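Trainee: Here it is: the structure, laid out below.
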Amino acid sequence: MIYLYTSRFPFGQIAESFLSAELKVASSFGQEVTLVPMKDDKKKRQVPSFVLVDRPLCKMGVWLKALALLKVFLPGSLSLWRCCKDNEFSCRYIGDAVKYLFAAQLVYEDLRQKTSISNQSVFYSYWLSYGPLAFAAYKQEYPNSQHVFISRGHGSDIYSTLVGIYYPMRKFALQGLDRVFVVSDYGRSFLQKKYSEFSSKIELSRLGVIQPLKVSPSGSDSVKRVVSCSSLVSLKRIDLLYASLISFVETTGISIEWHHFGGGELFEDMQQKIKQKTTFRLHCCLHGMVDNEKILEFYENNHIDCLISVSTTEGIPVSMMEAISYGIPLLSTDVGGCKEIVTNQTGLLLPQNYSQEEFNTKLSEIIENRDTYSKSTIDFYNAAFNAKHNYSAFYQIIQSLSHADSSH
């Protein structure tokens, strides 16, 4: 049995939507998977028949939560006081420390329940955050356990303090994991250099998306269409993208139809910015939070010249994987692992603090060569981000870890 701890999946509209592709491939390995989300809501996505959903963390009572919070302030393996010995900790991170230690306490209690009825299971945290902390605390208390503990690492959960987030006791968490699967080579190198004593258990395992039946059609109209797909939060700099697009159409005279998919705390601010300053050559459509299936339908039924990202930090965005699978080229800031998917086959990179001239030149080049890029992006997708290939390799490794542990 694999217990997969998620933030919200399979609940919500967009949270961890990329897990759908992974679970479809997992079915071919005959693995039983139980999803254990931290939060739920009314909207639940469909999952394959072999996937169970267990919600003890969502349904935990007030008194149990209060006890877990109290334990954060008492001596123990998941205590706030242990953070004082952490070189990365400072007083400004107390809020983050309490938040993630509390979540780890909840997962730890759930672990104890599940391990009492299972001889050997794989416990898999989708994020390198509170889950691995709980795993480490469990292994510290039960050092002879036959269970396997693994985690993925994506973007902000790897670079953490670089983007203003503190994940407590990272070395302790890594010590408790049997393997860390990082979605980008950049992220793998970052972790291996920073925590060299654990480098042998940190490896690359890319995400992937299911190959679509159709690709984005070639365009014949005079209007050029670009998309962006992300949460509307400050790190994604969608306000900067909007300003760049306004300047682009005014400078080049090229009309642009811009579609943004994704909601977030800055959604209303973005709506106001568009109302206050607009130009007839730029048509804006903020779709808000949309089911992933609707986004893919849009890609399939509309000619799209480019997907643009101007974020300050990324792992390797699944939105980019989806775009290239449909033959849509990419324009992105050179941050995190983006250079591993934005290559001379798939698009062009911008400096993080790009000039307007650089933006204009590179977007124009992609628009002019869109159909040439379209074929090479699909070839690159099949070689690097095909879900069937990447997730098959991932679950083969999980099986080998399980067999190796049971033979000891």
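Quick note: the coordinates plus some simple rules give every number you see, no bench work behind them. As the structure is a computational prediction, the values presented were derived from the model and not from experiment. All Cβ positions, even for glycine, are placed from backbone atoms using ideal geometry, and neighbour counts span all protein chains on display.
Trainee: Taking the Cα centre of the chain as origin, work out the dipole magnitude from +1 charges on Lys and Arg Cβ and -1 charges on Asp and Glu Cβ, in debye rounded to 20.
Mentor: Computed charge dipole of the chain: roughly 1020 debye.
Trainee: Here is a follow-up. Report the one residue of THR278, ILE256, THR372 whose Cα lies farthest in the direction of the positive end of the charge dipole of region 224-384 (charges on C-beta: Lys and Arg +1, Asp and Glu -1; origin at the Cα centre).
Mentor: Positive-end residue among those listed: THR278.
Trainee: Check cross-link reach from LYS275 to the lysines: straight Cα distance under 29 Å, and skip same-chain residues fewer than eight apart.
Mentor: Counting by Cα, and skipping residues close in sequence, LYS275 has these lysines nearby: LYS224, LYS236, LYS294, LYS362.
Trainee: Another question, then. Most mobile of ASN390, ASN382, ASN344 per a Gaussian network model of the chain (Cα springs, under 10 Å)?
Mentor: Among ASN390, ASN382, ASN344, the largest mean-square fluctuation in the Gaussian network model of the chain belongs to ASN344.
Trainee: Under 14 Å Cα-Cα from LYS114, which aspartates and glutamates qualify once same-chain neighbours fewer than 8 residues away are excluded?
Mentor: Hits, sequence-local ones excluded: ASP54.
Trainee: What order, most packed first, do the peptides 72-81, 20-29, 254-263, 99-108 have when packing is the mean number of other Cβ atoms within 10 Å of each residue?
Mentor: 99-108, 254-263, 20-29, 72-81
Trainee: Give the cross-link partners of LYS193 among the lysines, using a straight C-alpha distance below 16 Å as the criterion and excluding same-chain residues fewer than 8 apart.
Mentor: By straight Cα distance, LYS193 reaches LYS171, LYS201.
Trainee: Same structure, new question: Go ahead and set up a Gaussian network model of the chain, Cα springs under 10 Å, then flag whichever of GLY95, GLY347, GLY315 fluctuates most.
Mentor: GLY95
Trainee: List the extent of the Cα atoms of region 227-274 along each of their three principal axes, largest first, rounded to whole Å.
Mentor: 32, 17, 17
Trainee: In Å, what Rg and Dmax follow from the Cα atoms of the chain?
Mentor: Cα radius of gyration and Dmax of the chain are 22.2, 69 Å respectively.
Trainee: For region 236-339, what relative contact order do you get, as a whole percent, if you take Cα pairs closer than 8 Å and at least 6 residues apart?
Mentor: 28 percent
Trainee: Size of the dipole of region 224-384 about the Cα centre, Lys and Arg at +1 and Asp and Glu at -1 on the beta carbon, nothing else charged, in debye to 20?
Mentor: Taking the Cα centre of region 224-384 as origin, the dipole is about 320 debye.
Trainee: So for the chain, taking the charge dipole from beta-carbon charges (+1 Lys/Arg, -1 Asp/Glu), which of SER216, ALA104, LEU241 sits furthest toward the positive end?
Mentor: Selected residue: ALA104.
Trainee: Any idea what the relative contact order of the chain is, in percent, if you count C-alpha pairs under 8 Å spaced at least 6 apart?
Mentor: Answer for the chain is 14 percent.
Trainee: Now for a different question. Could you work out which residue, out of CYS285, CYS338, CYS91, moves most in a Gaussian network model of the chain, that is, has the largest mean-square fluctuation with Cα springs under 10 Å?
Mentor: Comparing CYS285, CYS338, CYS91 in a Gaussian network model of the chain, the most mobile one is CYS91.
Trainee: For region 1-157, take N as its residue count and report Rg(C-alpha) divided by 2.2 N^0.38 Å.
Mentor: So the Cα radius of gyration is 1.06 times the expected 2.2 N^0.38 Å.
Trainee: Here's something else I'd like to know. Run lengths n ≥ 4 of DSSP H only: what is the helix-derived mean residue ellipticity at 222 nm for the chain, with -39500 (n - 2.57) per run over all residues, to the nearest 500?
Mentor: -12500 deg cm²/dmol, from helical runs alone.
Trainee: Now, a different point. How much of the pair distance distribution for region 224-384 lies past 30 Å, counting alpha-carbon pairs only, in percent?
Mentor: The share of Cα pairs beyond 30 Å in region 224-384 comes to 6 percent.
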